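The structure appears below as structure tokens.
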Amino acid sequence: MGDVDRLRGAGLRVTAARVAIMHTVREGDHLDVDSIYRSVRGRVGHVSLQAIYDGLHALNRAGLLRKIEPMGSPTRYEARVGDNHHHLVCRRCGIVTDVDCATGAAPCLDPVDAAGFIVEEADVIYWGICPGCHSLS
């Protein structure tokens with residue numbers, strides 16, 4: 001299914017900016033807003049930063065993109081949605097990498113006390129030093 005079909009399927013208006021945002025995020029690797037903005041401008045010409053923020057918000061709300069907010073790092077976006085995966089973040093360079101949840105039962109979905117909540121998703125971020133930064137030590 002292409003980006004245009006995904007947008008229509010989510011009930012969103014198809015615009016050049018939204019199609020370019022989806023394409024950019026899918027091709028990128030946990031991109032921040034500035035990187036998405038530069039790439040979309042290169043693809044469609046003039047587009048406002050506000051249009052990028054509005055597009056990202058709509059795509060995230062529709063479940064077409066996932067927003068990742070590692071503490072102390074810029075907000076990132078990814079196209080991998082609909083599964084229970086987590087992220088590894090390097091404390092030195094800030095690179096973000098996907099990591100699948102534990103196979104079988106997902107222990108992160110069973111908090112000690114759910115306080116009456118029905119848990120649907122866990123947002124786990126592992127922090128450490130990536131191989132590239134570790135080799136520089």
Quotient of Cα Rg and 2.2 N^0.38 Å for the range 1-78, N being how many residues it contains
1.01
At a Förster radius of 25 Å, what calculated FRET efficiency corresponds to the Cβ-Cβ distance of residue 27 and residue 102, to the nearest 0.05?
0.30
Kindly write out, for the range 88-94 in residue order, the coupling ³J(HN,Hα) from the Karplus curve 6.51 cos²θ - 1.76 cosθ + 1.60 (θ = phi - 60°), rounded to whole Hz, with x marking Gly and Pro.
10, 10, 7, 5, 8, 9, x
How much length would be gained if the chain were fully extended between residue 127 and residue 54, taking 0.36 nm per residue of separation minus their Cα-Cα distance, in nm to one decimal?
23.3 nm
Arrange the following residues from fewest to most other Cβ atoms within 10 Å of their Cβ: 30, 57, 23.
57, 23, 30
Over the range 83-136: Rg over Rh, Cα atoms, Kirkwood Rh:
1.10
Counted neighbours (other Cβ, 10 Å), sorted fewest up, put 1, 22 in the order 1, 22
Given the convex hull over the Cα atoms of the chain, what projected area results after averaging over all orientations, in nm²?
10.8
Hey, what angle do you get for helix 16-27 against the long axis of the chain, alpha-carbon based, 0 to 90 degrees rounded to 10?
40
Counting Lys and Arg as +1 and Asp and Glu as -1 over every other residue whose Cβ sits under 14 Å from the Cβ of residue 79, the net charge comes to +1
Potential extension, residue 113-residue 93 segment - 0.36 nm per residue separation minus Cα distance
3.7 nm
Can you tell me, using C-alpha contacts under 8 Å and at least 6 residues apart, the relative contact order of the chain as a whole percent?
19
Order these by the 10 Å Cβ neighbour count, fewest first: 137, 48, 73.
137, 48, 73
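None of the figures in this text is laboratory data; all of them are computed from the coordinates on show. Since the model is a prediction, treat every value here as computed from it, not as a measurement. Positions of Cβ are generated from backbone atoms using ideal geometry, with glycine treated the same way; all protein chains shown enter the neighbour counts.
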